[in-house]
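Chemist: Here you go, one structure.
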Amino acid sequence: MKLATRIALSVTVIVPLLVLGAGLLVLGLVSRDLHHQQDTRLQDLAAAALPDVRTLLAAELRGRPKVEQNQHRRVLDAVLDAGILVRSADGTDVLAGGPQPADPAKLPGPDTGGPVTVRAKGHAWRVLTVPVTGAAPGTLWLFAPASATDPQLTAVRGRVLLVALLSAPVSGLLAYALAGRATASVRRLSRRAAALDPGAGAAAFPTAPVNIAEVDELSAAIGQLLARYEEQAARTTQALDTARSFSSAASHELRTPLMSMRTDLDVLAAHPDLSPAERAEVVKDLQSDHARLLELLTALQMLARGDLVEVSAFAPLDLAELVDTAVGEITRRHPEARVGTALPPELLVFGWDAGLMILLANLLGNAVVHGHLPGEPPGISVRLRAEGPYAVLTVDDEGPGIPPEERESVFRRFHHRPGSPGSGLGLTLVAQQAALHGGTVTIEAVPGGTGARIEVRLPLPATDDAPAPPPLPTRRDWISRG
């Protein structure tokens with residue numbers, strides 16, 4: 001059922017009910033007003049007849065028949081169409097005329113305070129009781145049939161029913177026309193959404209306002225849904241590309257160590273009589289290839305994690321504490337290395353905990369492995385400071401340095417210097433994590449020395465109260481980037 005039809009049917013039912021409800025209220029108000037008018041009429045009649053009633057009671061008390069008869073007529077002329085009953089103090093009915101209840105026992109006493117309704121033998125009466133004081137006391141009752149107001153109430157009731165009957169079809173047709181016009185924009189929006197190609201994305205669904213709040217909100221919600229769908233589709237495509245690149249890179253880079261391991265295993269299998277020295281050399285090659293294999297797989301895994309990380313993984317972190325932890329780990333793994341540090345007590349950044357540890361581990365590991373001259377122990381210097389809106393981390397080594405023409409290429413995937421024992425992904429991971437955190441990484445010579453200085457700059461939060469993560473790079477394809 002269409003929305004316009006539903007609205008029309010609802011209005012067709014509700015409007016007559018509202019009219020009937022309002023009619024009942026009006027009927028009650030009219031009935032109260034008519035009773036009030038009737039009561040006022042009785043009180044006016046009582047005020048007009050009361051002097052004659054006193055005269056009548058006095059004549060009755062003194063035994064004046066002629067005067068009494070004349071007074072009878074005057075009282076009856078005064079009350080006109082109302083019923084009247086005059087009773088003396090001893091209970092004798094002095095005057096009775098006009099319509100009145102057939103059961104005198106139900107007459108109200110003089111202390112009612114105003115007209116009341118009395119019912120007797122299926123009829124209802126409005127009765128006003130007036131005590132008569134003076135030399136000849138008694139009681140005056142005036143009566144008016146309660147049904148006297150019925151014609152007016154019947155007329156009001158009939159008009160209410162007529163309006164209710166007429167309002168049902170009229171309101172239904174008007175509601176259908178108005179609802180159809182109001183939902184036209186919704187139907188147009190529905191046709192646009194049905195004809196939309198999901199592959200076209202949010203750009204193919206313009207959200208020009210139509211000045212109807214609900215329709216504009218629905219259109220904006222569809223646009224946002226398409227934008228999120230487009231974003232998720234792009235992230236899914238990127239994840240698939242990352243998985244393909246991971247498998248391709250792994251199969252390509254693992255071929256050499258696996259073939260080398262296969263050769264060593266064939267040698268051990270084919271020559272069981274190898275001397276202990278030769279066997280130890282083959283086993284050492286196997287261990288070296290295994291370590292290289294494990295390092296390569298670990299680096300590829302970390303590179304893939306960085307390409308797929310979401311902004312929800314970022315949080316406020318103390319970079320000084322992370323650097324101190326990474327320095328402690330590198331000295332534990334390389335006790336021969338000389339590591340100097342200059343760190344502030346605290347330096348907050350908004351970052352990915354695991355990603356920053358990957359950056360620090362590879363940055364310090366690269367400095368320890370390559371940052372020394374032949375025959376000398378590694379020596380590195382780690383410094384962290386705040387410089388304007390950035391946290392600046394510098395790592396100096398005492399190695400041969402990196403020529404200027406190679407300072408860009410060392411960040412490429414699987415870049416190896418001659419004789420390098422690493423996987424060729426260490427500085428690639430550093431560059432990836434610096435970019436994910438909205439920072440940069442550069443290489444230059446150590447001032448006054450022969451080593452290399454690698455400097456990482458990460459943005460500091462604008463405020464400490466509500467730090468926000470930096471926007472993630474649009475292009476995240478480090479695992480497949482050449």
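The values are calculated or read from the model by the stated rules, or taken from the named source; none is laboratory data. Predicted model, so just to flag it, every value in this text is computed and none were measured. Counting neighbours? That spans all protein chains shown, and the Cβs are built from the backbone with ideal geometry, glycine included.
Chemist: Taking the options VAL163, VAL170, VAL94, name whichever one is at negative phi and assigned by TED's automatic domain parsing to the domain that holds ALA22.
Modeler: The conditions single out VAL94.
Yes/no per residue for (1) in contact with a Ser or Thr (Cβ under 7 Å, 6 or more places away or on another chain); (2) surrounded by fewer than 20 Cβ atoms within 10 Å (Cβ to Cβ); (3) under 17 Å from ALA435 (Cα atoms):
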| residue | (1), (2), (3) |
| --- | --- |
| ASP324 | no, yes, no |
| GLY328 | no, yes, no |
| PRO335 | no, yes, no |
| GLY340 | yes, yes, no |
| LEU343 | no, yes, no |
| GLU346 | no, yes, no |
| VAL349 | no, no, yes |
| ASP353 | no, yes, yes |
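Chemist: Does PRO131 count as crowded, with 19+ Cβ neighbours inside 10 Å and touching a strand residue (DSSP E or B) at 6+ places or on another chain (Cβ under 9 Å)?
Modeler: Judged against the criteria, PRO131 is not a match.
Chemist: Among the strands (runs of 3 or more DSSP E) lying completely within the range 367-467, list those that include at least 2 residues that are in contact with a strand residue (DSSP E or B) (Cβ under 9 Å, 6 or more places away or on another chain), hydroxyl-bearing (Ser, Thr, Tyr) and modelled with pLDDT under 80.
Modeler: none
Yes/no matrix, rows are residues, columns are (1) modelled with pLDDT of 75 or more; (2) small (Gly, Ala, Ser):
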| site | (1), (2) |
| --- | --- |
| ARG157 | yes, no |
| VAL160 | yes, no |
| VAL170 | yes, no |
| ARG181 | no, no |
| ARG191 | no, no |
| LEU196 | no, no |
| ILE212 | no, no |
| GLU230 | no, no |
| ALA239 | no, yes |
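Chemist: Another question about this same structure. Determine, yes or no, whether ALA47 is modelled with pLDDT under 80 and assigned to a helix (DSSP H, G or I).
Modeler: It is false that ALA47 is modelled with pLDDT under 80 and assigned to a helix (DSSP H, G or I).
Chemist: Quick check on ASP264: is it at pLDDT 90 or above, farther than 14 Å from VAL395 by Cα and either not β-branched (Val, Ile, Thr) or not assigned by TED's automatic domain parsing to the domain that holds THR428 (or both)?
Modeler: no
Chemist: Same structure, new question: Go over the candidates VAL79, VAL132 one by one and state the one that is at pLDDT 80 or above and assigned by TED's automatic domain parsing to the domain that holds GLY28.
Modeler: Only one candidate qualifies: VAL132.
Chemist: Tally the residues that are among the charged types (D, E, K, R), modelled with pLDDT of 90 or more and in a helix (DSSP H, G or I), restricting the search to the range 300-328.
Modeler: 2
Chemist: Inspect all residues belonging to the range 339-351 and state whether any of them is in contact with a Phe, Trp or Tyr (Cβ under 8 Å, 6 or more places away or on another chain) and assigned to a strand (DSSP E or B).
Modeler: yes
Chemist: Name the single residue, out of those in the range 23-59 being surrounded by 12 or more Cβ atoms within 10 Å (Cβ to Cβ) and among the basic types (Lys, Arg), that is farthest from GLY83 (Cα to Cα).
Modeler: For the range 23-59, the residue satisfying everything is ARG54.
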